[in-house]
1. In this structure, does A:G211 turn out to be touching a residue at least 40 places away in the same chain (Cβ under 8 Å), in the same structural domain as A:N252 (by TED's automatic domain parsing), over 17 Å from A:I113 (Cα atoms) and in a loop (DSSP other than H, G, I, E, B)?
2. Look at B:D234 and say whether it is surrounded by fewer than 24 Cβ atoms within 10 Å (Cβ to Cβ) and either at pLDDT 95 or above or of a type in the set (D, E) (or both).
3. Among the residues that make up segment B:9-27, is at least one of them within 30 Å of C:C176 (Cα to Cα), within 14 Å of chain C (Cβ to nearest Cβ), in a loop (DSSP other than H, G, I, E, B) and not hydrophobic (A, V, I, L, M, F, W, C)?
4. Would you confirm, using the coordinates I've provided, whether C:F52 is modelled with pLDDT of 95 or more, of a type in the set (F, W, Y), closer than 22 Å to A:G196 by Cα and under 23 Å from the mean Cα position of the chain (by Cα)?
5. Out of all the residues in segment B:88-98, is one or more in contact (Cβ under 8 Å) with a residue 60 or more places away in the chain, buried (at least 18 other Cβ atoms within 10 Å of the Cβ) and more than 10 Å from chain C (Cβ to nearest Cβ)?
6. Return yes when B:A67 is farther than 29 Å from C:D139 by Cβ, hydrophobic (A, V, I, L, M, F, W, C) and loosely packed, with under 14 Cβ neighbours inside 10 Å and no when it is not.
7. Can you name every one of the strands (runs of 3 or more DSSP E) wholly within segment C:30-101 that holds 1 or more residues which are closer than 26 Å to A:S271 by Cα?
8. So which of B:V123, B:V188, B:V153, B:V159 ends up being over 19 Å from the mean Cα position of the chain (by Cα), within 10 Å of chain C (Cβ to nearest Cβ) and not charged (D, E, K, R)?
Amino acid sequence: MADHRFYSRMGPFTLGELANLINADLNNVEISGRTVTDVGPLNTASQEELSFLDNPKYISEFKNTDAGACIVSPKYASKAPARTALLISKDPYKAYALAARVFYPVIQPEPDISHSASVGKDVTIDKSSRIEAGAVIGDGAIIGKHCLISANVVIGASVKIGNHVVIRSNSTLSHCIIGDYAHIYPGVQIGQDGFGFHPDIEGHIKVPQLGRVIIGDNVEIGANSTIDRGSGPDTIIGNGCWIDNLVQIAHNVELGRGCVIAAQAGVSGSSKIGDFVFVAGQVGIVGHLSVGTGARIAGQSGVIKDVPPGAIMGGTPAVPIKDWHRQSIAMSRLIHKDKRINE
Amino acid sequence: MADHRFYSRMGPFTLGELANLINADLNNVEISGRTVTDVGPLNTASQEELSFLDNPKYISEFKNTDAGACIVSPKYASKAPARTALLISKDPYKAYALAARVFYPVIQPEPDISHSASVGKDVTIDKSSRIEAGAVIGDGAIIGKHCLISANVVIGASVKIGNHVVIRSNSTLSHCIIGDYAHIYPGVQIGQDGFGFHPDIEGHIKVPQLGRVIIGDNVEIGANSTIDRGSGPDTIIGNGCWIDNLVQIAHNVELGRGCVIAAQAGVSGSSKIGDFVFVAGQVGIVGHLSVGTGARIAGQSGVIKDVPPGAIMGGTPAVPIKDWHRQSIAMSRLIHKDKRINE
Amino acid sequence: MADHRFYSRMGPFTLGELANLINADLNNVEISGRTVTDVGPLNTASQEELSFLDNPKYISEFKNTDAGACIVSPKYASKAPARTALLISKDPYKAYALAARVFYPVIQPEPDISHSASVGKDVTIDKSSRIEAGAVIGDGAIIGKHCLISANVVIGASVKIGNHVVIRSNSTLSHCIIGDYAHIYPGVQIGQDGFGFHPDIEGHIKVPQLGRVIIGDNVEIGANSTIDRGSGPDTIIGNGCWIDNLVQIAHNVELGRGCVIAAQAGVSGSSKIGDFVFVAGQVGIVGHLSVGTGARIAGQSGVIKDVPPGAIMGGTPAVPIKDWHRQSIAMSRLIHKDKRINE
């Protein structure tokens, strides 16, 4: 059960209502009037709560769950304990996401401009938006409808923010244009100068960074990530990209639609990433490359060449993932041969 | 000598007092009344200062030190210059830590609530605590005794903070409960949504993140680190954990007691780390794993399988450290063979 | 063309003036009176704009550019379209940097102390400097001439900042001394305690961190980077160092002059880095090492031994770069042999 100090819950809802809302099949229509009051993990959900099984790693928790109802794929339905009602879905994680959003819908911020916020000249803030304590909004900034600018956020001059945007505390935005429904987590730094200089023994010479950061709609940018503005071209984050914490996006990088960049990964300057590319944690992609649509890069890989669309890559330097697995096997064989020789 | 602009010093203390306080043996009891006024590094400490030798890499600095006194293990005592009094300890680094804390004890914050702090409704702040300028405390937050909430910190609604907690500037805390004597460094982001979504070509679907972050007693969390709240279960940092800078702890991760996580390491979602696990810098641990008590992971390793208790692992994918060393040797042999063939 | 909402431009300038200022040769003196109004990338610059070609990867964009003028090396001059005037330079990127700085010179901050800034006791702020909204300046701090302390920056007690220093929002500085012309990007944390403790099963014992951070002149420190103060010795960043985003510099590290540290790299405690060392992204350097002047470390490498001056290293553990390339080749050969055996 979610801690009521931090979360306010809707409901209860009947299993019938939920099955409808999440597009699942209830395993027993006779109980469609039974209610559940919350969602919860398999190992702690009570008879009044709804849980889910997605990752088969947790199947033993599923077998022993006390949850009153559970979202599950047809494949694992037979493993359920008898006391648990089943909401059967081909896509249990998606169905759970929708159910959890029924209990915990997104709450629109209450309109307000805190008296301790600092608002510059010629700023436009829609009257439905909320500016919290200590936030600083630069001259000429434009903030759309139903936005939440959290405490101590700093928004630079002329920044333009769309509608339904949430910006969490201690983030700084400058030289950028943000689409609708973007969610910027705390501590994110967007729009600062990229790492552009001419190396010189008499002192590196800074190259003025004259571009912007353009962030599309429905983008999430994780805590303490950094997105440098373009040097002349723009840095572009496409619609629907999800970026995790502590990620570095350098100047002039372009991400297509729906990319997923996991924590602590970095994309170097001017690389172009296609649509729906998945980049795992701690990956590094060097500059001036092209990574094709639908490519996937395994964790900690170092990408130093263009990646074709749909390729799955691993290792440093990154190679097709099957070759990377072969490398590990070859390596293991090699050292075991050495061990036998030593014996 | 520590810069008096930044540090205020106690003392002087006699060598006899110090030997007592740090549980060391003075090499010459006749000088137990001699005083030292400060601690300092081997290569800069003066005749009035106390230094220490811990890492044998610095033995030549030890031989040439001008320090008036030095903490050293019995093993290296004979290498000391004659002018240097010795405080002999089996554990010189620990003894130095205790001595330095005698000269530079932890200073309790002076109670105050800055007039430029923003304090929400129904907030409880113990009268012994200090809230600095620009800090923002959300509704219903509870702050214990002798806490320091530094300038421009943001604390979300209902967050509960124990006693003797220090939170440094530009950190953001939400959806969390913090134990006693925790030290949160600047720029730390705790309690934001984890990276939970259902990937979908029509737009990734966010999964509401409904858990908390629970941080135990005596925990240190380094600058600009990020700790996401649980998705339903909590993210848990056990008592006595030390986390360095720029570390990523994903949702639902559990760290046992006394874990040490070095800079730029990352632990992915739902992994369970036992007690006293040491994770070196830039390590990545993938999600849904178990790392046993007392395990150690070498720098930059990528852990993709469960790690048994006490194991020492290295490489990507991580293998037992001896095998990792064998891999390096095999690799070196292989390329030298290639070189000979080329010649 | 740079977005006029974010950038204010000087000019126009004649090609003759520019050739002079950037030390380039105009390919046709008869057009030295022709003006350009801005700088821009090859693929978007108009007939009224100046572009540049530096990286030969972009030569096809150069051949097709509409730019009115272009800075180019003698080598590629013949590839230019006829309509484009050429400013020929042996060092086109440097020349472009200088030209861009003519159009977009550094703007001195307008002197001001925001009424919502908090300034402690005995603070010295030169009257030419600017302190923005929500900034907090601790007791005894000293801020030189023409500095910009941006919104919500926190500067600790007794910190000393030179002239022409820019500190971006949501950064925290304590226990440090900053030289002239330093540029601290947003979210940077400088001067917090290093990761110094004695590991102990009964609770790790904190070692008081009693040093400072000393930052030289003309240093750039990228967004969300962290620089811990020394434990007793100081942490030192030499003149002219360029540090990218999300970089970790541990306690007691010393960087020489002109070092370049790319994003997400980390240098562990007490390592000494010589002058003009280039460290690529996501590199890790372990503690207590020495890296010689002019050394270069390839991306994601793990340096675990001293590096001689001028060496170029790659891999984990890092080896001379040629050996690292040989490792990749040997590995590739090995798995192809395995593949043939399987066939």
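1. On the way: touching a residue at least 40 places away in the same chain (Cβ under 8 Å): yes; in the same structural domain as A:N252 (by TED's automatic domain parsing): yes; over 17 Å from A:I113 (Cα atoms): yes; in a loop (DSSP other than H, G, I, E, B): yes.
Yes.
2. Yes; evaluated as a whole, the condition is true for this residue.
3. Yes, some residue in segment B:9-27 is within 30 Å of C:C176 (Cα to Cα), within 14 Å of chain C (Cβ to nearest Cβ), in a loop (DSSP other than H, G, I, E, B) and not hydrophobic (A, V, I, L, M, F, W, C).
4. Details: modelled with pLDDT of 95 or more: yes; of a type in the set (F, W, Y): yes; closer than 22 Å to A:G196 by Cα: yes; under 23 Å from the mean Cα position of the chain (by Cα): yes.
Yes: the conditions hold for C:F52.
5. Yes, segment B:88-98 contains at least one residue that is in contact (Cβ under 8 Å) with a residue 60 or more places away in the chain, buried (at least 18 other Cβ atoms within 10 Å of the Cβ) and more than 10 Å from chain C (Cβ to nearest Cβ).
6. Working: farther than 29 Å from C:D139 by Cβ: yes; hydrophobic (A, V, I, L, M, F, W, C): yes; loosely packed, with under 14 Cβ neighbours inside 10 Å: no.
When the stated conditions are applied, B:A67 does not pass them.
7. Working: elements: C:49-52, C:69-72, C:85-88.
Passing ranges, in order: C:49-52, C:69-72.
8. Numbers: B:V123 fails: within 10 Å of chain C (Cβ to nearest Cβ); B:V188 fails: over 19 Å from the mean Cα position of the chain (by Cα); B:V159 fails: within 10 Å of chain C (Cβ to nearest Cβ).
Result: B:V153 is the single residue among B:V123, B:V188, B:V153, B:V159 that is over 19 Å from the mean Cα position of the chain (by Cα), within 10 Å of chain C (Cβ to nearest Cβ) and not charged (D, E, K, R).
The values are calculated or read from the model by the stated rules, or taken from the named source; none is laboratory data. It should be emphasised that the depicted structure is a prediction, and the values quoted were computed from it without experimental measurement. When we count neighbours, we look across all protein chains shown, and the Cβ atoms used for this are built from the backbone with ideal geometry, even at glycine.
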